[in-house]
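Down below is the structure, laid out as structure tokens.
Any read-out appearing in this document is the output of simple, stated calculations on the displayed coordinates, not a laboratory observation. These numbers were taken from a predicted model, which means no experiment stands behind them.
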Amino acid sequence: MNPRLGRPGPRRAAAAAGLLALGLVTAACSGTADSSETGHAGSAYELTTTTPKPSGDLDSFTWSIYAEPFSLDYAYAFDYPPNQVLANVCESLLRWNPDLSIEPGLAEKYEHPDPTTWVYTIRQGVTFHDGSPLTPEDVVASLQRHLDPAVGSFWGARSSST
């Protein structure tokens, strides 16, 4: 008869005790954040479907992303880190709402008269970060840049008509 089959040896007992201790420590670290700062039961934050309008300037902020963005050029932004930053720094022609409806962004209205045509009316008074005005030519240039095979945009590959 093998004595090891009857009860675990010292190494197995130590390994089992170590795994149990690791499990307890991990469980202790996985609780919710302190709610005393926010008044929300169970967490230090609350998920919402919208972001409130800013109430002033910020001194600093921190992005909570799992990796450094590869690029902040929309032509090469096809992952969560760059898209999270760009979605908060750049405005799109149209916006998707939480209910999946569409509302104006840089375009105050849009039309889709046939399967290959989109017509956007660009909102007046929009400026770039440097203060220069946004023109319809800027929008066309941006869209055409994504279609240029020399640029190699991730988005251009999705628009192939072949």
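What does the extension gain come out to for LEU94 and ALA150, with contour length at 0.36 nm per residue minus their alpha carbon separation? Intermediate values should be presented prior to the final figure.
Values: separation 56, 0.36 × 56 = 20.16 nm, distance 2.66 nm.
Using 0.36 nm per residue and subtracting the Cα-Cα distance, I get 17.5 nm.
How much length is gained on full extension from LYS53 to GLU108, taking 0.36 nm per residue of separation minus their Cα-Cα distance? Numbers along the way, then the final one.
Working: separation 55, 0.36 × 55 = 19.80 nm, distance 1.95 nm.
17.9 nm is the gain from fully extending LYS53 to GLU108.
Quick check: from the Cα gyration tensor, does the stretch 67-162 come out rounded (a/c under 1.5), prolate or oblate?
Numbers: a/c = 1.33, a/b = 1.12, b/c = 1.19.
Because its axes are fairly even, with a/c under 1.5, the stretch 67-162 counts as rounded.
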